[in-house]
Ligand SMILES: Cc1ncc(COP(=O)(O)O)c(C=O)c1O
Ligand SMILES: Cc1ncc(COP(=O)(O)O)c(C=O)c1O
């Protein structure tokens, strides 16, 4: 890694960038600091261990079903009449989203580190059901924490996690409350492994999660070269905590010719509308009151991107002007869902439809026909069917 | 193909085997006979057209996400303590089952034949949602027929199909009533393409569907050779109409060393408990009254294998003693579901759990450790979560 | 080849024969016989007596409901053959065609079926889902032919000339010309289409042609009679009438009147 | 380093200091001040005045409920600093530690925060989620130190000796020894564990040690005092008492009595 690479960060203490502007860090209670250092060490050792990496690759292939295809969305492309649009089909992964790349990696790491119990938080329940699947596979008990608002709207993931043998801990609220609660449970059981679901929280999680998800971008490069003879001109993904998008762009961070757009839910668009703050273990852009006392932000239909804050790598990349960040409304996501269901026969989760909306309504049309846009299509729609029916069900009658 | 190959059949009129014992044929009304001959011709031409086959292969890879992994179910293997068990992970396909292999093939064929409208029937709704996805992708209107009992229990598939733009036609009953109704609709619109969902009905469907699904077995061979250095000793799959199992075993039909077991639902075990008859377009084993006036059979929890009859290829293979057929009860399927969810972290559809039950309760234990059993894990469980909760939900509390 | 059917079509009157479909044993064996007697008395030339199967693939909702009723009452092909015998005992001139699906015949099995219906006095059999591609059709056709009975073949609007040639080559008794694609009792037949279709068949064969599907009223029947066909087939219209008046004590008589309305137009 | 804290720990009486945690401005700024005055009058040596953040990650249900109450009433760090000033006006000897999370300080921002609390009369700050790995901890610590104030550091059961060395090296005022892993007010502290932990710390430093988490009753406090620590910290027990008696007009006085029950055991 070169000195001027965007891939070098974060430093040992989890900082992306330097000086006061650095993002990330470790803002947690003393009880967990040893666990975080242990995890850092375990992570750095593991990724030098070829056997471990081979094990990860093995299960990526056989259990998750990787590589996920890079799919030319021909009908959507023609409908929009501009850029050539590709979907990175993460929704075809076992358990239905990109989350399992990370769950698998972290559970394998926990196993390597001799951990026997797991905790996780979840927003859309994708991370919970993915981690529960992997936990079953590696025979470790799991407690998953979720907000009651999310529990209602993504019920299937809860049932699946339960069938895999995981226990659910319900708290009032959504993802941010689940994260705070998960940290509390971890503090009470610091010998457990906390399987963090996005590129958020204290170091080393943002780095570790981005590492696990970076397989997405590596495959995009290979597949795009093989299929199109070049890498994409633009990569777009939704951003909740930012893990799928981090995974999609990491490979291309040092290639400024690849334009990168992360799309948040407009109700919780930390990068577009927030300011730097320190909450939930990290310094990063977030929506909070001026005095720093309260997190803010409304509700998006995308349960997994209803998060007032964002992973620190993205705050850094925003400050570096290396990546652009925008946001999409509920209506835009629903419109994108409908268009993609009907043109491509893909029932997507709502979260990635934030990215799709950016492409459909703002990016594709005015681009030349050989301009390649790759969308991280990071989740399938089963969990959102009730929500979609409730809002635009009549459109399909 | 050699004269004595089990792969040669069926003959031009759709018969598997010879003389009075031959199974299959074309037992449909005159109105549809020309359409069936046209389809036969279209099929035979298409499979000689490299461009067409390449197109199928292309979408298998990019749209469906093939190859599906051949996954070593290590925990289940250890739990049972006998044979080495592999899952052919068809549940990871786009739309969640093997059905899309066939939907894709038939819709591409329909397109090649200049068809503009599609009809299909469905039991578990997997074939409906898969065909609806492909229909959306190739921009063809689709009418799907389902029994009202099934519509209730696999509701998510109906919603997805609707989102893809398909129309649902509800009839009282389950799969058999849906098939009869679909044929009636086709008779009224013989210029439509009927996308038959299993290896059943009049010729050329059994052959055509088995051809489309045979990609499963081809991949099993390659993957098993690569991973294990040999082909499986046994292949097990559930049998409703028999398409996933046909697809899994076709490749190995002329290899008697590969033991093959098809597992029906015990309530509708046509091959174990039925006699030859002619209904729904084909001569085959079926459950019917002695006088041939009424189809019989109870209800299984596996919507997709609640079928009183079975594809004629299987009847032929049974008569030839080339393949064994057994059956599994609801309780066995539920037990297998639970075991696989908890040991492997896979939430399977109930149908393939008929095959899993055969392996778990009757095949694996007394086999040597290097004996390879491959299960066709042909569908994911989301559609069945309500049913599972209703029956064994409390087991997971 | 059935001599009785031959004789019926050779007879100049009525100009156009009325072929009427009844679901055998519907609503009960006794009433079914009464209805059929009235039909005979009011000028029907040929009776199609339907036997039932649960997976019938060519029946619209009207006939399906009648089939379900008979199946639920437990009457099967044996009862239908008995009905045929009773009809034949009542009348020796009317043509009797057993009509249904291959499922029941296969199980009967076929050779015994032919023996039994011959004894009962039937003239022909029409099997909806037994095209000549089907082995059992070949067996049945051979058994019928060698017993002086007919297998009634169908020609559909989708049947092209090549295939039509094959069909008329093996047709016996009369050719059942299906007017519209689809199930019974739903679509209406179009006069011009039917006329053209009759012409297309006439170019290939002299066999009597009976035109069926989509004939709902005496007026329809009259129009279709102009197409050049030798007979018109009415099914759902009669079954529907029976359904609608099932509680009516005078049903046989009133059905007879309805049949007369048709036969009057076809004289 | 705060001279006042130094003086408190150098003073021989009480033998074990009572450090009591109150949620600042809870239930209201006025009552909060009354409660704290009573605590002072009943022998508390050091006050921890909690300021609130919505994402507090170390608080159990009791303190979380109080935090939510204060946040919902719209009181923020500024109001807490005003409360500190009022307390200091009332009493010049009691130690005052502001306790909370880095979120609010960062936004204040830190340098101004230190200026303001110095003026208000606080002695130290304890930031739950600011380990020495955090840049803002370093800034805060430096600013406090150069203003004669202390940053209170924590040692947890999970902190190993190597890390403990780093912590005691930078500790000031006293060391907050966390007795149990977890959130406030849930688990109970175990006497033997605490004694061993105090010994482990004592091996490395002479800094006063205050032992907190899991001390629920005067008896608990007395037991913990035997561990060799210099102070015991009681938080949830007082907050819970306030919660349970929030409607009580005599709450300040009765809280004072409760505090006295503790201080009596620690003399
Ligand atoms: C389908 C899906 N997409 C996206 C996200 C957002 O997470 P991230 O920003 O970490 O990719 C989630 C989180 O639950 C999700 O389930
Ligand atoms: C998941 C699944 N498995 C199996 C089947 C049975 O079909 P077949 O026997 O054709 O494979 C179905 C049919 O709907 C299905 O959905």
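Could you look through region A:102-112, keep only residues that are within 14 Å of another protein chain (Cβ to nearest Cβ) and buried (at least 24 other Cβ atoms within 10 Å of the Cβ), and pick out the one that is farthest from ligand 1 (Cβ to nearest atom)? Full working, then the answer.
In the first step, residues of region A:102-112 are kept if they are within 14 Å of another protein chain (Cβ to nearest Cβ); the result is A:103-104, A:107-108, A:111.
Checking which are buried (at least 24 other Cβ atoms within 10 Å of the Cβ) leaves us with A:103-104, A:107.
Values: A:103: 11, A:104: 15, A:107: 17 Å.
Top of the filtered list is A:107.
Is at least one residue of region B:139-146 in the same structural domain as residue B:354 (by TED's automatic domain parsing), in contact with a strand residue (DSSP E or B) (Cβ under 9 Å, 6 or more places away or on another chain) and within 16 Å of ligand 2 (Cβ to nearest atom)?
Residues of region B:139-146 in the same structural domain as residue B:354 (by TED's automatic domain parsing): none.
No, the conditions are met nowhere in region B:139-146.
Filter region A:289-314 down to residues that are away from chain D (no Cβ under 14 Å) and either free of Cβ contacts under 8 Å to residues at least 60 places away in the same chain or buried (at least 24 other Cβ atoms within 10 Å of the Cβ) (or both), then give me how many there are.
Qualifying residue count for the region: 12.
If you go through region D:11-45 one residue at a time, how many are within 17 Å of residue D:236 (Cβ to Cβ), away from chain A (no Cβ under 14 Å) and assigned to a strand (DSSP E or B)?
The qualifying residues number 5.
What's the number of the condition residue A:383 fails, among (1) within 14 Å of another protein chain (Cβ to nearest Cβ); (2) assigned to a helix (DSSP H, G or I); (3) surrounded by 24 or more Cβ atoms within 10 Å (Cβ to Cβ); (4) at pLDDT 95 or above?
(4)
Within region B:342-363, take every residue that is more than 14 Å from residue B:263 (Cβ to Cβ) and surrounded by fewer than 24 Cβ atoms within 10 Å (Cβ to Cβ) and give me the one that is nearest to the other protein chains (Cβ to nearest Cβ).
Only one residue fits best here, namely B:342.
Could you grab me the full set of residues in region B:253-279 that are surrounded by fewer than 24 Cβ atoms within 10 Å (Cβ to Cβ) and either within 14 Å of chain C (Cβ to nearest Cβ) or away from ligand 2 (no atom under 16 Å from the Cβ) (or both)?
B:253, B:254, B:255, B:256, B:257, B:258, B:259, B:273, B:274, B:275, B:276
Residue A:346 - would you say it is farther than 25 Å from residue A:158 by Cβ and in contact with a helix residue (DSSP H, G or I) (Cβ under 8 Å, 6 or more places away or on another chain)?
The answer is no for residue A:346.
Go through region C:165-203 and report how many residues are more than 10 Å from chain B (Cβ to nearest Cβ) and either part of a helix (DSSP H, G or I) or over 22 Å from residue C:57 (Cβ atoms) (or both).
Residues flagged as more than 10 Å from chain B (Cβ to nearest Cβ) and either part of a helix (DSSP H, G or I) or over 22 Å from residue C:57 (Cβ atoms) (or both) within region C:165-203 amount to 22.
Run down D:233, D:201, D:192 and say which single residue is touching a strand residue (DSSP E or B) at 6+ places or on another chain (Cβ under 9 Å) and either surrounded by fewer than 20 Cβ atoms within 10 Å (Cβ to Cβ) or without any contact (Cβ under 8 Å) to a residue 60 or more places away in the chain (or both).
D:201
Answer yes if at least one residue in region A:329-349 is assigned to a helix (DSSP H, G or I) and within 16 Å of ligand 2 (Cβ to nearest atom), and no otherwise.
no
Among B:246, B:322, which is the only one that is away from ligand 1 (no atom under 16 Å from the Cβ) and either assigned to a loop (DSSP other than H, G, I, E, B) or at pLDDT below 95 (or both)?
B:322
Looking at the structure I just gave you, is residue B:160 in contact (Cβ under 8 Å) with a residue 40 or more places away in the chain and assigned to a helix (DSSP H, G or I)?
When the stated conditions are applied, residue B:160 passes them.
Testing residue C:64 on (1) outside any loop (DSSP other than H, G, I, E, B); (2) without any contact (Cβ under 8 Å) to a residue 40 or more places away in the chain; (3) in contact with a helix residue (DSSP H, G or I) (Cβ under 8 Å, 6 or more places away or on another chain); (4) surrounded by 19 or more Cβ atoms within 10 Å (Cβ to Cβ), one condition comes back false. Which one is that?
Just one mismatch for residue C:64, condition (3).
Which residue is farthest from residue B:80 (Cα to Cα), if the candidates are limited to region B:365-380 and must be assigned to a loop (DSSP other than H, G, I, E, B) and touching a strand residue (DSSP E or B) at 6+ places or on another chain (Cβ under 6 Å)?
Filtering first and then ranking leaves B:378.
One residue is enough: does region D:68-86 have a residue meeting the conditions surrounded by fewer than 20 Cβ atoms within 10 Å (Cβ to Cβ), more than 14 Å from chain A (Cβ to nearest Cβ) and either touching a helix residue (DSSP H, G or I) at 6+ places or on another chain (Cβ under 6 Å) or without any contact (Cβ under 8 Å) to a residue 24 or more places away in the chain (or both)?
Our first condition is that a residue be surrounded by fewer than 20 Cβ atoms within 10 Å (Cβ to Cβ); within region D:68-86, this holds for D:68-69, D:71-74, D:78-79, D:82, D:85-86.
Subsequent filtering for residues that are more than 14 Å from chain A (Cβ to nearest Cβ) retains D:85-86.
Of the ones still in play, those that are also either touching a helix residue (DSSP H, G or I) at 6+ places or on another chain (Cβ under 6 Å) or without any contact (Cβ under 8 Å) to a residue 24 or more places away in the chain (or both) are D:85-86.
Yes, the conditions are met somewhere in region D:68-86.
Where in region C:101-163 are there helices (runs of 4 or more DSSP H), lying wholly inside it, with at least 2 residues that are more than 8 Å from chain B (Cβ to nearest Cβ)? Steps first, please.
Details: elements: C:102-107, C:110-120, C:135-146.
Those helices (runs of 4 or more DSSP H) span C:110-120, C:135-146.
Among the numbered conditions (1) within 14 Å of another protein chain (Cβ to nearest Cβ); (2) touching a residue at least 40 places away in the same chain (Cβ under 8 Å); (3) over 21 Å from residue C:213 (Cβ atoms), tell me where residue C:59 comes up short.
It is condition (3) that residue C:59 fails.
Go through region A:166-243 and tell me which helices (runs of 4 or more DSSP H), entirely inside it, have 2 or more residues that are away from ligand 2 (no atom under 16 Å from the Cβ) and over 17 Å from residue A:314 (Cβ atoms).
Fully inside region A:166-243 and qualifying: A:175-188, A:215-228.
Taking the options D:238, D:213, name whichever one is touching a residue at least 40 places away in the same chain (Cβ under 8 Å) and under 20 Å from residue D:126 (Cβ atoms).
D:238
If residue A:4 satisfies every condition in (1) at pLDDT 95 or above; (2) more than 14 Å from chain D (Cβ to nearest Cβ) but one, which is the exception?
Result: residue A:4 passes all but (1).
Can you tell me which residue is farthest from ligand 1 (Cβ to nearest atom) among those in region B:386-395 that are without any contact (Cβ under 8 Å) to a residue 40 or more places away in the chain and facing chain A (nearest Cβ under 9 Å)?
B:393
Give just the number: which of (1) on the phi < 0 side of the Ramachandran plot; (2) in contact with a strand residue (DSSP E or B) (Cβ under 9 Å, 6 or more places away or on another chain) does residue A:165 not satisfy?
(1)
If I filter region A:178-189 for residues that are within 7 Å of another protein chain (Cβ to nearest Cβ) and touching a helix residue (DSSP H, G or I) at 6+ places or on another chain (Cβ under 6 Å), do I get at least one hit?
yes
State whether one or more residues within region A:210-220 are more than 10 Å from ligand 1 (Cβ to nearest atom), within 14 Å of another protein chain (Cβ to nearest Cβ) and farther than 27 Å from residue A:300 by Cβ.
Yes - at least one qualifying residue is present in region A:210-220.
Kindly evaluate residue B:122 against the criterion of being closer than 20 Å to residue B:310 by Cβ, buried (at least 24 other Cβ atoms within 10 Å of the Cβ), more than 16 Å from ligand 1 (Cβ to nearest atom) and not assigned by TED's automatic domain parsing to the domain that holds residue B:298.
Values: closer than 20 Å to residue B:310 by Cβ: yes; buried (at least 24 other Cβ atoms within 10 Å of the Cβ): yes; more than 16 Å from ligand 1 (Cβ to nearest atom): yes; not assigned by TED's automatic domain parsing to the domain that holds residue B:298: yes.
Yes, satisfied.
The values are calculated or read from the model by the stated rules, or taken from the named source; none is laboratory data. Worth saying up front: this structure is predicted, and the values here are computed from it rather than measured. All Cβ positions, glycine included, derive from the backbone under ideal geometry; neighbour counts span all protein chains shown.
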